[in-house]
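The values are calculated or read from the model by the stated rules, or taken from the named source; none is laboratory data. These numbers come from a predicted model, not from an experiment. Positions of Cβ are generated from backbone atoms using ideal geometry, with glycine treated the same way; all protein chains shown enter the neighbour counts. Heavy atoms of the whole protein, side chains included, go into the accessibility calculation; ligands, DNA and RNA do not. Shrake-Rupley method; radii C 1.70, N 1.55, O 1.52, S 1.80 Å.
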Amino acid sequence: MPKFAVFGLGYTGLRILNTLKKENTVIGISRATQAEGSVLLDLSDVAALENFRKENEGSKFDASLITFPAQKLENRDQVFDSIFSISKTVWMFGSTSIYQRITPDITEKTPLDPEHDRYETELQFLEKGGKILRLSGIYGPDRNPANWARKGSVKKTKRQLNLIHGDDISEVVRLLLSYPGNDLPSELILSDGQWHTWLEIFRFLEDNGKIQVVPEEKMDREDSFIDSSLIRKFLPGLQTKDFWGELEKLEELI
């Protein structure tokens, strides 16, 4: 049975842990969150990290996944060295916000923004042989896009909103970690591939009496569509949730 490690048990990490342990041996690693099949480990604790490495160096994980923003770790080099030394394959989550908005569509070939806070960390990670799954905006239970509109953190504009449901991320990780070939690219993009603008979302919420009607505003930044067709070539059976159906559930309209 494959053996996996999930580093970071936040919104996505917990879902992935629960999905993977149905068919695999999996351990979750978190500084503060404890769940069935997990251990507490502060990766910034140099001594504790070294002990964890020694405990697992005799039986490597088939794959490890880093779900948290690794660029925030002061001992990033040691963390990477430790995880790579006990893992046959290492994946890390990234964000599609790292791509430059210079074309209407963003793909894996789109240039990265060297000023992005993840840039140097991702280059270092890739040089070590890691693989990155860059995610669009994550939504789902407790991450309702309608609340972003209600709080005023987004504007009623025609700007494209690129999203991926938390459950879809868990399924994609399961498929990637069990992928039988060795031809997966080192960088992949994941989105639901659906077109939806903030203008449409605002109007949907307004029509259903969920928010007050507000005037449309001009776009305040560049707009691009996240094209995740490449990952679907490797995972041809991949299905992602219908955004409008999920929004109706989150707003308790069905």
> Among Phe234, Phe204, which is the only one that is open to solvent by 30 Å² or more (accessible area, probe 1.4 Å), farther than 30 Å from Arg174 by Cα and modelled with pLDDT of 95 or more?
Replying inline: Phe204
>> Just to be sure I understand the filter: pairs with C-beta atoms under 6 Å, separated by 6 or more residues or on different chains, first member in the range 1-24 and charged (D, E, K, R), second member open to solvent by less than 60 Å² (accessible area, probe 1.4 Å). Which pairs pass?
In response: Lys3/Phe61; Lys3/Asp62; Arg15/Gly166; Arg15/Ser170; Lys21/Gly37
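Identify the residue in the range 29-52 that is assigned to a helix (DSSP H, G or I) and not aliphatic (A, V, I, L, M) and, among all such residues, is least open to solvent (accessible area, probe 1.4 Å).
At the first step, the residues of the range 29-52 found to be assigned to a helix (DSSP H, G or I) are 46-52.
Checking which are not aliphatic (A, V, I, L, M) leaves us with 50-52.
Details: Glu50: 56, Asn51: 86, Phe52: 20 Å².
My answer is Phe52.
Could you check the range 53-96 and list, in sequence order, the residues that are within 17 Å of the chain's Cα centre (by Cα) and in a loop (DSSP other than H, G, I, E, B)?
Selection gives Thr67, Phe68, Pro69.
Would you point out which residue out of Phe84, Phe93, Phe68 is open to solvent by less than 30 Å² (accessible area, probe 1.4 Å) and among the aromatic types (Phe, Trp, Tyr)?
Phe93
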> For Ile254, are the conditions met, namely being of a type outside the set (Phe, Trp, Tyr), over 30 Å from Tyr179 (Cα atoms), open to solvent by less than 70 Å² (accessible area, probe 1.4 Å) and in a loop (DSSP other than H, G, I, E, B)?
Replying inline: no
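Is it the case that some residue within the range 53-60 is crowded, with 18+ Cβ neighbours inside 10 Å and within 17 Å of Lys128 (Cβ to Cβ)?
Going through the range 53-60, the residues crowded, with 18+ Cβ neighbours inside 10 Å turn out to be 56.
Still in the list and also within 17 Å of Lys128 (Cβ to Cβ): none.
The answer is no, given that none of the residues of the range 53-60 is crowded, with 18+ Cβ neighbours inside 10 Å and within 17 Å of Lys128 (Cβ to Cβ).
Of Ser178, Ser186, which residue is under 22 Å from Met92 (Cβ atoms), at pLDDT 95 or above and open to solvent by 20 Å² or more (accessible area, probe 1.4 Å)?
None of the other options fit; the residue is Ser186.
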> Restricting the search to the range 130-171, which residues are more than 19 Å from the chain's Cα centre (by Cα) and open to solvent by 50 Å² or more (accessible area, probe 1.4 Å)?
Replying inline: Asn147, Arg150, Lys151, Ser153, Lys155, Lys158
> Is it true that some residue in the range 120-129 is surrounded by 20 or more Cβ atoms within 10 Å (Cβ to Cβ), under 20 Å from the mean Cα position of the chain (by Cα), of a type in the set (Phe, Trp, Tyr) and assigned to a strand (DSSP E or B)?
Replying inline: no
> What residue, of Leu161, Leu123, is of a type in the set (A, V, I, L, M, F, W, C) and in contact (Cβ under 8 Å) with a residue 40 or more places away in the chain?
Replying inline: Leu161
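Kindly provide the set of residues from the range 216-231 that are open to solvent by less than 60 Å² (accessible area, probe 1.4 Å) and of a type in the set (A, V, I, L, M, F, W, C), ordered by number. Break it down stepwise before answering.
As a first pass, look at the range 216-231 and keep what is open to solvent by less than 60 Å² (accessible area, probe 1.4 Å): 223-231.
Hits for the range 216-231 are Phe225, Ile226, Leu230, Ile231.
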>> So in the range 146-160, with the set limited to residues that are part of a loop (DSSP other than H, G, I, E, B) and among the polar types (S, T, N, Q), which one is modelled with the highest pLDDT?
In response: Thr157
